[in-house]
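> Mind looking over this structure? Questions follow.
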Amino acid sequence: MKAIAYYRTSASTKQGDDSDSKPRQQDAVTKYAAKNGYEIVAEYYDSGVSGGDSVWDRPEFSRMLSEKLAGVILVENANRFARDLIVQLTGHKLLKDEGFTLVPVDAPDYFVNETPTAIMVRQILGAVAEFEKRTIVERMQRGRRRVLAEKGWCGGQPPVPEAVRAAAVLSRKAGKSYRGVAADLVRAGYGDYGPQSVKRMCVGE
C-alpha cells in the first residue's frame with residue numbers, strides 16, 4: 001500500500017527542542033508504515049507553519065494535494081495536522097472530499113471512525129489542543145505586558161534615545177505613517193525598526 005508522509009513544525013520551534021521536531025515525526029511515521037505494510041512514496045514538510053493556519057495556507061500541504069501521489073496521508077498525530085479545532089475538522093473534511101484518508105499513526109482510527117462517540121472524542125480532543133494553544137499564547141502576552149510595564153519596552157533591541165527623538169520629529173510630519181517613519185529611520189542610519197516599534201517610540205516620547 002502506498003502512502004504519503006506529512007510533517008509540520010511551527011515557527012516557535014527552537015533548535016534542539018524535540019517537542020515539535022521533524023526527525024521525531026519521521027521516526028513515528030516510518031515505524032508505523034513499516035509495521036502496517038505502507039510504502040511511503042513521498043514526504044512533505046511545512047516548516048514554520050502554525051497548527052492554526054488553514055491547510056490552504058501551507059505550501060507543501062497544497063503541493064501534496066495537487067500531486068496526489070497516494071490516497072493515504074500519514075501524520076504523527078492529529079495535532080501535527082492541526083491544533084485549531086475548526087482547521088482540524090474542516091481540513092479533514094476537505095481531504096475526505098478529495099479522496100484522501102488521513103491517518104494519525106498514534107491513533108489510526110481518529111479520523112475514519114464515524115460513530116457518534118468517536119466524533120465527540122475528536123471534537124473534545126481538538127478543543128483541548130486549541131485550549132492549550134490559547135493558554136500558552138495568553139501566558140506569553142501577560143509576560144510581554146509585564147515586561148513592557150516594568151521596562152517600557154518589550155521585543156527586540158530597545159531603541160537608542162537619538163532614534164526615539166528622530167521618530168517623534170518625523171511622525172509629526174503631515175501624513176507620515178509609522179511605516180514611513182520606520183523607512184526614514186533606516187535611511188538616516190538609526191536602525192531597522194518595524195511600524196509597531198516606531199509607534200511605541202512615538203507614543204512614549
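> Cα gyration tensor of the range 161-204, axes a ≥ b ≥ c as square roots of the eigenvalues: rounded (a/c below 1.5), prolate (a/b > b/c) or oblate?
Rounded shape, in that the Cα axes give a/c under 1.5.
> Here is a further query. Go through Lys31/Lys133; Lys35/Lys93; Lys35/Lys96; Lys2/Lys31; Lys96/Lys133; Lys2/Lys68 and tell me which ones have a Cα-Cα distance over 18 Å in this structure.
The answer is Lys31/Lys133; Lys35/Lys93; Lys35/Lys96; Lys96/Lys133.
> Among Ser197, Ser21, Ser47, what is the fewest-to-most ranking by other Cβ atoms within 10 Å?
Ser47, Ser21, Ser197
> Rank Pro195, Ala182, Ser171 by how far each Cα sits towards the positive end of the charge dipole of the range 161-204 (+1 on Lys, Arg Cβ; -1 on Asp, Glu Cβ) and give me just the farthest.
About the Cα centre, the residue reaching furthest to the positive side is Ser171.
Every number in this text was worked out from the coordinates using simple rules, so none of it is lab data. Because the structure is a prediction, the values reported are computed rather than measured. Ideal geometry is used to build each Cβ from the backbone, glycine not excepted, and the neighbour counts take in all protein chains shown.
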